[in-house]
1. Restricting attention to the stretch 39-58, and to residues there that are touching a Lys or Arg at 6+ places or on another chain (Cβ under 8 Å) and open to solvent by 60 Å² or more (accessible area, probe 1.4 Å), which single residue is modelled with the highest pLDDT?
2. When the residues of the stretch 1-24 are filtered to those that are in a loop (DSSP other than H, G, I, E, B) and at pLDDT below 60, which remaining residue is most open to solvent (accessible area, probe 1.4 Å)?
3. Among the residues of the stretch 25-35 satisfying the criterion of being within 12 Å of the chain's Cα centre (by Cα) and not in a strand (DSSP E or B), which is modelled with the highest pLDDT?
Amino acid sequence: MTREEATRRNTMPNELKPCPFCGGEVRLDVAYSYFRDVVIYCDGCDMVFTLDDCIATKEQIAEAWNRRAGEEDKEK
């Protein structure tokens, strides 16, 4: 399996909000690095997001990404 195929398999574009910095589309990616293995990556501004938790699941990372400051106040 190529890296591109692995990235496509781990992408959840319909479930992730756009980048709050540039408005670009983001993707959940498996980053083969020393520190983290699951990240959210923005192709627009090269922003990388993950949780400071080595055992966080893809769902937990996506949930944290989709949380936006001030949105809870708007919903009430």
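The values are calculated or read from the model by the stated rules, or taken from the named source; none is laboratory data. Everything numeric in this text was worked out from a predicted model, so none of it was measured. For neighbour counting, all protein chains shown are included, and Cβ atoms are generated from backbone atoms with ideal geometry for every residue, glycine included. Please note that ligands, DNA and RNA were not included when accessible areas were found on the heavy atoms of the full protein model with its side chains. Shrake-Rupley method; radii C 1.70, N 1.55, O 1.52, S 1.80 Å.
1. 43
2. First, pick out the residues of the stretch 1-24 that are in a loop (DSSP other than H, G, I, E, B): 1-2, 10-24.
Of the ones still in play, those that are also at pLDDT below 60 are 1-2, 10-13.
Details: 1: 146, 2: 77, 10: 21, 11: 43, 12: 35, 13: 59 Å².
Ranking the qualifying residues of the stretch 1-24, first place goes to 1.
3. Start the filter on the stretch 25-35 by keeping residues that are within 12 Å of the chain's Cα centre (by Cα), which leaves 25-31.
Applying the additional criterion that residues be not in a strand (DSSP E or B) yields 25, 31.
On the way: 25: 94, 31: 71.
Checked the stretch 25-35; the qualifying residue modelled with the highest pLDDT is 25.
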